[in-house]
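Contents: one structure, followed by commentary.
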């Protein structure tokens, strides 16, 4: 018997849609050719129905599992875990989606091991499988509690961490392994000023380091004389993301030393997740701020990384659930650690879910704006059609202006359009399909 204010799921449905990428997308030493968009429909015992979306990225979630299966096979495993989570959700009642996710995770970890046959399946694989369920649960929670905006939907314990209304969000422009220098220069000429360089290239540690050093040199030589009005000193700034490919701090230090040698060190805003998840080396004093991303699955992980000298936390509400991200954002606020929001090459609706999270965080130090990454527009074959699936897919806040998303009162009042129904995705989970 559920408590009066708790929600109980009466019915669930799900489906998925395969979206091809323009070219193979490389990171973590591997490549993706498509991304599955999962659609989850929840109906409560009170008769309310909501649809949530997720984007599956098995290469992000567990790169070893991805390498052991075909691309479609690994996606099928994650989707099977989503289905199992939906079955489990019908047996619990919850006061908030945070409580729902907390209640599902212990048993779902066992199910993930059973489904994949992998005893050490990465927690990010499990969290990625929960995105559609989590988002649908948040919309259901808002409906059942008469919350009409993202800000009012956030439970009280998390509001201080998400109390800001940024008027701009700086966009981290992602540079994949194979992107040409001409394309990078063109992006800067179009106004992008935060260049996120994918490092940790394929090969041995020595081969990886040499490739990363050469790549940084090439990019810095191309951009060092370009300017922007968006940064205090007018310089284009960089972040680097190795997705945990560096095995030792010493290797990372060699990359940072190289950055200093070529005059790029003061351009680096932070280096994102350079060391592997199981590497507990302290990163204090390496010369640039280090950000924790893949290794942070919960508050305990975030605390540990802060103790190890990490100075930035990367939130991935579209990869690790909004529910988990709220708890990490609260810790970051309490510890005075800045946050940014990183992408998973998600669809346009999920971009606005993530934009809302970035918009409500306190501004990133020195930039006076929120910071997020989005790269779906440069990677999906059918991006324009996917924008049409989003009820607010052509709203002013979806357009890039001088490397930023400009946010106004309409964005906050309409919550980026996430509360509106998407006819396309709702049809995928409508009764009778």
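Any read-out appearing in this document is the output of simple, stated calculations on the displayed coordinates, not a laboratory observation. Bear in mind the structure is a predicted one, so any value in this text is a computation, not a measurement. Don't worry about glycine lacking a Cβ; one is built from the backbone with ideal geometry, like all the others, and counts go over all protein chains shown.
I need the calculated FRET efficiency for the pair residue 95 and residue 402, taking r as the beta carbon distance and R₀ as 45 Å, to the nearest 0.05. Intermediate values should be presented prior to the final figure.
On the way: r = 42 Å, r/R0 = 0.94.
The calculated FRET efficiency here is 0.60.
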What are the extents of the Cα atoms of the chain along their three principal axes, in Å, largest first? 65, 48, 41
Can you give the Rg to Rh ratio of the range 31-84, both from alpha-carbon atoms, with Rh computed by the Kirkwood formula? 1.11
Relative contact order [Cα under 8 Å, 6+ residues apart], the chain, whole percent: 18
Alpha carbon convex hull of the range 7-146, projected area averaged over orientations, nm²: 8.2
For helix 71-89, report the angle its Cα long axis makes with the longest principal axis of the Cα atoms of the chain; keep it between 0 and 90° and round to the nearest 10°. 40
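Could you sort 316-324, 133-141, 297-305 so that the peptide with the highest average Cβ count within 10 Å comes first and the rest follow in order?
On the way: 316-324: 27.3, 133-141: 25.8, 297-305: 17.0.
For the peptides 316-324, 133-141, 297-305, the packing ranking is 316-324, 133-141, 297-305.
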Just to be sure I understand the curve: with the Debye formula and one point per C-alpha of the range 235-336, what is log10 I(q)/I(0) at q = 0.14, 0.19 Å⁻¹? -0.52, -0.91
Take peptides 346-358, 419-431, 262-274, 221-233 and line them up by average Cβ neighbours within 10 Å, highest first, as a rough protection proxy. 346-358, 262-274, 419-431, 221-233
In degrees, nearest ten, helix 249-261 long axis to first principal axis of the chain (Cα): 50
Against the longest alpha carbon principal axis of the chain, how many degrees, from 0 to 90 and to the nearest 10, is the axis of helix 131-144 turned? 50
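Apply 1/(1 + (r/R0)^6) to the Cβ-Cβ distance of residue 430 and residue 144, taking R0 = 22 Å, and write down the FRET efficiency to the nearest 0.05. Mind showing how you got there, number by number?
On the way: r = 21 Å, r/R0 = 0.98.
Given R0 = 22 Å and the Cβ-Cβ separation, E is 0.55.
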So what is the calculated 222 nm ellipticity per residue for the chain, using -39500 (n - 2.57) for each DSSP H run with n of 4 or more, over all residues, to the nearest 500 deg cm²/dmol? -12000 deg cm²/dmol
Two pseudo-spin positions, 7 Å from Cα along C-beta at residue 109 and at residue 23, lie apart in nanometres by 4.1
Tell me, what does the Kirkwood hydrodynamic radius of the range 375-433 come to in angstroms if you use every pair of distinct C-alpha atoms? 13.0
Between residue 217 and residue 43, what is the FRET efficiency for a Förster distance of 56 Å, r being their Cβ-Cβ separation, to the nearest 0.05? 0.50
